[in-house]
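Working notes, beginning with the structure itself.
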Amino acid sequence: MNQFEVLLWDIDGTLLDFAAAEKAAVKSLFAEFGLGECTDEMLERYSAINQQYWKRLERGELTKPQILKGRFEDFFRGEGLDSSLGASFNEAYQPRLGDTIVFCDNSKELVASLRGKVRQYAVSNGTIIAQTKKLRRSGFDRLMDGVFLSEEIGFEKPAIEFFDCVFQAIGPVNKDRILIVGDSLSSDITGGNRAGIKTCWYNPAGLKNDTTAKVDYEIRSLQEIPELLV
């Protein structure tokens, strides 16, 4: 018998390489909006702004519409560009994110190999537009037993209400037999802590955990997951 019965998979930065999708989307839209070249240095500045906005969402300081528009407004303002383009740029950006699919650590083959052995669900704070396209083009929509998106649920990870909705939907399961796998300490791991389930921090860069989040398992590669199941 497997140690775990249910795996909750984060999508961006865990199953799929979000940085690759972000880079391709922003650079292509800069050209379409006539904003000139988006250099790698500019993209790094945007990514830092974006991460801070998402953390504010996780803390309940901003709504999702506010972060989606506000991050681009701040970025454009800092680069001397027209900040009023933030809303329209984000509208084009959401579906564009699904155009670039890069799997982390052969994640598709891994998820496929675990079908029938454990139940697998995607859990994400990403937008419905972006995540639905990513899941369809990656094939994860056909491999997962279910998908839970915060926009549909009405709560964002790490809110306990998000996980309550997941547990209610998947049916009775001993929480000791549920494992969440994700790259975010503030979203996935903290959320797992609040929900009372085991956590697995996907940390390929070997970053230090300088937060209060309790990590039950830490992995550098997703291919270590099967070892945790036996």
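The values are calculated or read from the model by the stated rules, or taken from the named source; none is laboratory data. Owing to the predicted nature of the structure, the values given are computational and were not obtained by experimental measurement. Glycine gets a Cβ as well: all are built from the backbone with ideal geometry, and neighbour counts include every protein chain shown. Heads up: the accessible areas ignore ligands, DNA and RNA and are worked out on the full protein's heavy atoms, side chains in. Shrake-Rupley method; radii C 1.70, N 1.55, O 1.52, S 1.80 Å.
Across the range 1-54, what is the number of residues that are among the charged types (D, E, K, R) and closer than 30 Å to Ala112 by Cα?
Residues in the range 1-54 being among the charged types (D, E, K, R) and closer than 30 Å to Ala112 by Cα: 6 in total.
Within the bounds of the range 35-56, is there any residue that is over 21 Å from Arg96 (Cβ atoms), outside any helix (DSSP H, G or I) and of a type in the set (Lys, Arg)?
no
Test of understanding: among Asp141, Asp176, Asp188, which residue is touching a Gly at 6+ places or on another chain (Cβ under 6 Å) and either closer than 28 Å to Arg96 by Cβ or part of a helix (DSSP H, G or I) (or both)?
Only one candidate passes the filter, namely Asp188.
Select from the range 138-195 the residues that are aliphatic (A, V, I, L, M), open to solvent by 30 Å² or more (accessible area, probe 1.4 Å) and within 18 Å of the chain's Cα centre (by Cα) and list them in ascending order.
Answer for the range 138-195, where residues must be aliphatic (A, V, I, L, M), open to solvent by 30 Å² or more (accessible area, probe 1.4 Å) and within 18 Å of the chain's Cα centre (by Cα): Val147, Ile153, Ile160.
Read through the list (1) open to solvent by 70 Å² or more (accessible area, probe 1.4 Å); (2) closer than 26 Å to Ile225 by Cα; (3) of a type outside the set (S, T, N, Q), then give the number of the only condition that Arg45 fails.
(2)
Let me spell it out: the conditions are (1) under 28 Å from Cys165 (Cα atoms); (2) outside any helix (DSSP H, G or I); (3) open to solvent by less than 70 Å² (accessible area, probe 1.4 Å), and Glu61 meets all of them except one. Which number is the exception?
(3)
Looking at Ala213, Ala122, Ala205, which is the one that is in contact with a helix residue (DSSP H, G or I) (Cβ under 6 Å, 6 or more places away or on another chain) and small (Gly, Ala, Ser)?
Ala213
Looking for something open to solvent by less than 30 Å² (accessible area, probe 1.4 Å), in a helix (DSSP H, G or I), modelled with pLDDT of 95 or more and basic (Lys, Arg) - is there at least one such residue anywhere in the range 122-137?
The answer is yes; a qualifying residue exists.
If you scan the range 2-26, which residues turn out to be open to solvent by less than 30 Å² (accessible area, probe 1.4 Å) and under 15 Å from Ile180 (Cα atoms)?
Phe4, Val6, Leu7, Leu8, Trp9, Asp10, Ile11, Gly13, Thr14, Leu15 - these are the residues of the range 2-26 that are open to solvent by less than 30 Å² (accessible area, probe 1.4 Å) and under 15 Å from Ile180 (Cα atoms).
Please determine, by comparing only the residues of the range 213-230 that are under 18 Å from the mean Cα position of the chain (by Cα) and of a type outside the set (A, V, I, L, M, F, W, C), which one is surrounded by the most Cβ atoms within 10 Å (Cβ to Cβ).
Glu218
Just the residues that are over 14 Å from Leu7 (Cα atoms) and either open to solvent by 30 Å² or more (accessible area, probe 1.4 Å) or in contact with a Cys (Cβ under 8 Å, 6 or more places away or on another chain) (or both), please, taken from the range 197-212.
Within the range 197-212, Pro204, Ala205, Gly206, Leu207, Lys208, Asn209, Asp210, Thr211, Thr212 qualify.
Mind listing just one residue for me: the one in the range 104-113 that is hydrophobic (A, V, I, L, M, F, W, C) and crowded, with 18+ Cβ neighbours inside 10 Å and, of those, farthest from the chain's Cα centre (by Cα)?
Here the answer is Leu110.
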